[in-house]
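Participant: Take a look at the following structure, please.
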Amino acid sequence: MAKQTKKYSEAFAEIQTIIMKIENQELDIDELSENLKKVSALLKICKDKLHETEQEVQNILDTMKD
(Lines give C-alpha, C1' and ligand atoms only; values in the text may rest on other atoms or scores of the structure.)
Protein backbone atom coordinates (compact mmCIF):
# COMPACT_ATOMS: atom_id res chain seq x y z
CA MET A 1 0.00 0.00 0.00
CA ALA A 2 1.01 3.68 -0.04
CA LYS A 3 4.01 4.63 2.06
CA GLN A 4 4.01 7.68 4.30
CA THR A 5 7.31 8.74 2.69
CA LYS A 6 5.54 9.34 -0.64
CA LYS A 7 5.58 12.99 -1.67
CA TYR A 8 2.33 14.94 -1.89
CA SER A 9 2.71 15.45 -5.64
CA GLU A 10 3.30 11.72 -6.19
CA ALA A 11 0.29 10.74 -4.10
CA PHE A 12 -1.91 13.31 -5.82
CA ALA A 13 -0.82 12.15 -9.29
CA GLU A 14 -1.53 8.54 -8.37
CA ILE A 15 -5.00 9.49 -7.12
CA GLN A 16 -5.69 11.28 -10.41
CA THR A 17 -4.58 8.23 -12.40
CA ILE A 18 -6.85 5.90 -10.44
CA ILE A 19 -9.81 8.28 -10.76
CA MET A 20 -9.27 8.47 -14.50
CA LYS A 21 -9.30 4.66 -14.72
CA ILE A 22 -12.51 4.54 -12.68
CA GLU A 23 -14.18 7.18 -14.87
CA ASN A 24 -13.13 5.33 -18.02
CA GLN A 25 -14.36 2.03 -16.58
CA GLU A 26 -10.93 0.45 -17.01
CA LEU A 27 -11.06 -1.47 -13.74
CA ASP A 28 -12.92 -4.68 -13.04
CA ILE A 29 -14.71 -5.10 -9.71
CA ASP A 30 -11.70 -6.68 -7.98
CA GLU A 31 -9.35 -3.94 -9.15
CA LEU A 32 -11.89 -1.29 -8.21
CA SER A 33 -12.02 -2.39 -4.60
CA GLU A 34 -8.23 -2.58 -4.31
CA ASN A 35 -7.76 0.80 -5.99
CA LEU A 36 -10.33 2.48 -3.74
CA LYS A 37 -8.38 1.25 -0.71
CA LYS A 38 -5.23 2.68 -2.25
CA VAL A 39 -6.91 6.04 -2.92
CA SER A 40 -8.04 6.14 0.70
CA ALA A 41 -4.45 5.67 1.91
CA LEU A 42 -3.14 8.23 -0.59
CA LEU A 43 -5.74 10.78 0.51
CA LYS A 44 -4.57 10.35 4.10
CA ILE A 45 -1.00 11.06 3.02
CA CYS A 46 -2.13 14.23 1.23
CA LYS A 47 -4.27 15.36 4.14
CA ASP A 48 -1.47 14.76 6.65
CA LYS A 49 1.03 16.64 4.48
CA LEU A 50 -1.33 19.59 4.05
CA HIS A 51 -1.93 19.75 7.80
CA GLU A 52 1.81 19.55 8.50
CA THR A 53 2.53 22.32 6.00
CA GLU A 54 -0.23 24.49 7.45
CA GLN A 55 1.32 24.13 10.91
CA GLU A 56 4.78 25.00 9.59
CA VAL A 57 3.49 28.11 7.82
CA GLN A 58 1.60 29.18 10.95
CA ASN A 59 4.76 28.74 13.04
CA ILE A 60 6.72 30.89 10.60
CA LEU A 61 4.05 33.58 10.63
CA ASP A 62 3.96 33.51 14.43
CA THR A 63 7.72 34.04 14.65
CA MET A 64 7.49 36.98 12.24
CA LYS A 65 5.04 38.77 14.56
CA ASP A 66 7.63 39.05 17.35
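The values are calculated or read from the model by the stated rules, or taken from the named source; none is laboratory data. Keep in mind it's a predicted model, so treat the numbers as computed, not measured. All Cβ positions, even for glycine, are placed from backbone atoms using ideal geometry, and neighbour counts span all protein chains on display. The protein model used for the area step is the full one, side chains on, heavy atoms only, and it has no ligands, DNA or RNA in it. Shrake-Rupley method; radii C 1.70, N 1.55, O 1.52, S 1.80 Å.
Participant: Ignoring ligands, DNA and RNA, please state the percent of accessible area on the chain from carbon and sulfur, probe 1.4 Å.
Facilitator: Details: 3000 of 5440 Å².
So the carbon and sulfur contribution to the accessible surface is 55 percent.
Participant: What does the extension gain come out to for K21 and L36, with contour length at 0.36 nm per residue minus their alpha carbon separation?
Facilitator: Numbers: separation 15, 0.36 × 15 = 5.40 nm, distance 1.12 nm.
Taking K21 through L36 to full extension adds about 4.3 nm, to one decimal.
Participant: Tally Lys/Arg at +1 and Asp/Glu at -1 over every other residue whose Cβ is under 12 Å from the Cβ of Q16; what's the total?
Facilitator: Within the 12 Å Cβ shell, the charges total -2.
Participant: So what is the relative contact order for the chain, in percent, with contacts set as C-alpha pairs under 8 Å and at least six apart? All intermediate terms of the calculation are to be shown ahead of the outcome.
Facilitator: On the way: 25 pairs, mean separation 31.0, N = 66.
Averaging sequence separation for qualifying contacts and normalising by length gives 47 percent for the chain.
Participant: Considering only protein heavy atoms, what per residue accessible area in square angstrom results for the chain with a 1.4 angstrom probe?
Facilitator: 82 Å²
Participant: What is the pair-distance distribution P(r) of the chain, computed from all Cα-Cα distances in 10 Å bins starting at 0, with each bin given as a whole percent?
Facilitator: Once binned at 10 Å, the Cα pair distances of the chain give 21, 37, 23, 12, 6, 1.
Participant: Along segment 24-39, what does the Karplus equation 6.51 cos²θ - 1.76 cosθ + 1.60 (θ = phi - 60°) give for ³J(HN,Hα), rounded to whole Hz, x for Gly and Pro?
Facilitator: Computed from phi, the couplings for segment 24-39 are 8, 6, 8, 10, 7, 4, 5, 5, 4, 4, 5, 5, 5, 5, 5, 4 Hz.
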